[in-house]
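Encoded as structure tokens, the structure appears first; notes follow it.
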Amino acid sequence: MSVDDKGTVHLVSEYAAHGSLLQWMRHKSQPCKSLCVKLRVLKEAAAAVRYLHSQGIIHRDIAARNFLVDRALVVKVADFGLARVK
């Protein structure tokens, strides 16, 4: 996050090559998604939520569209618009 001279806040995130988890799951031309790969991605998403909770952050909008998947199938949480900090 950064703030410019005029006080405008800019949020910046990494590029997620596969888009959202929802897009990744629905994409027809994806390389074969074995059960092992799907479970790995699900485990990544669960670990991300667990980390947020350990930091006192409750996301409150957990959905496949709010996880981003990068080229290495690392999952990041997005859209903190409804989040609450304990």
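Which entry in (i) 19, 15, 11; (ii) 22, 15, 10; (iii) 26, 17, 10 matches semi-axes √(5λ) of the Cα gyration tensor in Å derived from the coordinates of this structure?
Only one listed value fits the structure, namely (iii).
Counting only residues 5 or more places away or on other chains, whose amide H sits under 5 Å from the amide H of GLY19 once H atoms are built in the peptide plane?
Amide H neighbours of GLY19, under 5 Å, 5+ apart: VAL69.
By how many degrees, 0 to 90 and rounded to 10, does the Cα axis of helix 35-54 deviate from the longest principal axis of the chain?
20 degrees
Work out how much length LEU35 to SER2 would gain on full extension: take 0.36 nm times their residue separation and subtract the Cα-Cα distance, in nm to one decimal. Don't skip to the answer; put the middle values down first.
Details: separation 33, 0.36 × 33 = 11.88 nm, distance 3.97 nm.
Residue separation times 0.36 nm, minus the Cα-Cα distance, leaves 7.9 nm.
Dipole of the chain, Cα-centred, from +1 at each Lys and Arg C-beta and -1 at each Asp and Glu C-beta, to the nearest 20 debye? Provide the component values of the computation, followed by the final result.
Working: 14 positive and 7 negative charges, 103 e Å.
Dipole size: approximately 500 debye.
Please state the relative contact order of the chain as a whole percent: Cα pairs under 8 Å, 6+ residues apart? Intermediate values should be presented prior to the final figure.
Working: 93 pairs, mean separation 28.8, N = 86.
Averaging sequence separation for qualifying contacts and normalising by length gives 33 percent for the chain.
Students often forget the sequence filter, so: which lysines lie under 23 Å Cα-Cα from LYS33 once same-chain residues fewer than 8 apart are removed?
LYS43, LYS76
Rounded to the nearest 10 Å², what accessible area does SER13 have for a 1.4 Å probe in the complete protein model?
Spelled out: SER13, probe radius 1.4 Å, area about 90 Å².
Run the 1.4 Å probe and let me know the accessible area of VAL85, rounded to the nearest 10 Å².
Solvent-accessible area, nearest 10 Å²: 110 Å².
What distance in nm separates the simple spin-label points at VAL9 and GLN55, each placed 7 Å from Cα in the Cβ direction?
1.5 nm
The values are calculated or read from the model by the stated rules, or taken from the named source; none is laboratory data. Values in this document were obtained by computation on a predicted structure and should not be read as measured data. Here the Cβ is made from the backbone with ideal geometry for all residues, glycine too, and neighbour counts use every protein chain on show. With ligands, DNA and RNA removed, areas are computed over all heavy atoms of the protein, side chains included. Shrake-Rupley method; radii C 1.70, N 1.55, O 1.52, S 1.80 Å.
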